[in-house]
Amino acid sequence: MKRFRFSSLMLVLGLLFIYLPMLILVIYSFNASKLVTVWGGWSIKWYVGLLDNTQLMGSVVRSLEIACYTAVAAVALGTLAAFVLTRITHFKGRTLFGGLVTAPLVMPEVITGLSLLLLFVAMAQMIGWPQERGIVTIWIAHTTFCAAYVAVVVSARLRELDLSIEEAAMDLGARPWKVFFLITIPMIAPSLAAGGMMSFALSLDDLVLASFVSGPGSTTLPMEVFSAVRLGVKPEINAVASLILLAVSLVTFLVWFFSRRAEEARKKAIQQAIEEGAADSWKQPDVRRAPAPEAA
């Protein structure tokens, strides 16, 4: 009983440590006072005022746009890299390739951002692209950073898959690309969703890389918040942060809900196929060779 109480206490303290700051942020977003540290009653005027703050709302829309693009590109590239690392086990340079894929995980963001900045400057001088740094350069930088996380998550899932299912499909005549899209992708869909959500959150939260590779007119939300905090936290920041928390929570719930439904449907289909196969085997007649007539 004491062990159970201690574990429950540690769980509650851990959840409070993680989610209590977010709860305080949401509560103070309804603060009527202009001072964020002084409670002045309940009000929604800061949410209404967001509609007039075009600079802040522009950075929010820009960050969400970049995060969506990053999630899609990171999932695509990370899945391909994970497939190569787990399924193609013997090729020259495999160790080097694996190290290059996971290098952004341990590389300081300052070094990555500076390297990408020098790369974009050199490319602009040599081939004339990019002519100016903006949303595209931030998207490339975030994709480079987030694809490594997707590769690690998807690789762990691919190593757990039962290859006999894919082999059975190919034995029945399915082409490799059809097996990949109709069998492998549905089985790793939860990992793809997790990698996409992780990429979305990392891109939305990134400040260092965006500071290096952004240009005029491409200020993201973290950059806007960081510049505003240096002059003092504004109540609008609490309001927009609460809206982002609500949006991320809603998207996370929807991804979990549909992934769970898809997984249950897949298990139900497999169980139904097994039952139908067993029923067909029982219905087949027992054909046996007739005994040879005895010699007179």
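Throughout, read-outs are computed from the coordinates displayed, never taken from laboratory work. All figures in this text were calculated on a predicted structure; none of them were measured in a lab. Here the Cβ positions follow ideal geometry from the backbone for every residue, glycine too, while neighbour counts run over all protein chains shown.
Full-extension gain between residue 103 and residue 267, please, as 0.36 nm times their residue separation minus the C-alpha to C-alpha distance. Mind showing how you got there, number by number?
Details: separation 164, 0.36 × 164 = 59.04 nm, distance 3.65 nm.
Net length gain for the segment: 55.4 nm.
When the chain is treated as a Gaussian network with alpha carbon springs shorter than 10 Å, the biggest mean-square fluctuation among 155, 191, 43 belongs to 43.
Hey, can you rank 66-79, 237-250, 260-273 by average C-beta count inside 10 Å, highest first? Could the numbers behind the result be given before it?
On the way: 66-79: 22.0, 237-250: 16.5, 260-273: 11.0.
Highest to lowest by the protection proxy: 66-79, 237-250, 260-273.
How much length, in nm to one decimal, is gained on full extension between residue 201 and residue 37, taken as 0.36 nm per residue of separation minus their Cα-Cα distance?
Values: separation 164, 0.36 × 164 = 59.04 nm, distance 2.71 nm.
Result: 56.3 nm gained on full extension.
Between residue 127 and residue 246, the contour length at 0.36 nm per residue exceeds the Cα-Cα span by 38.5 nm. The largest-to-smallest principal axis extents of the Cα set in the chain are 114, 63, 41 Å. Computed over the chain, relative contact order equals 28 percent, with contacts defined as Cα pairs under 8 Å that lie 6+ residues apart. Screening the chain for whole DSSP H helices with an alpha carbon extent of at least 15 angstrom along the helix axis and a mean Kyte-Doolittle hydropathy of at least 1.6 yields 2-28, 109-126.
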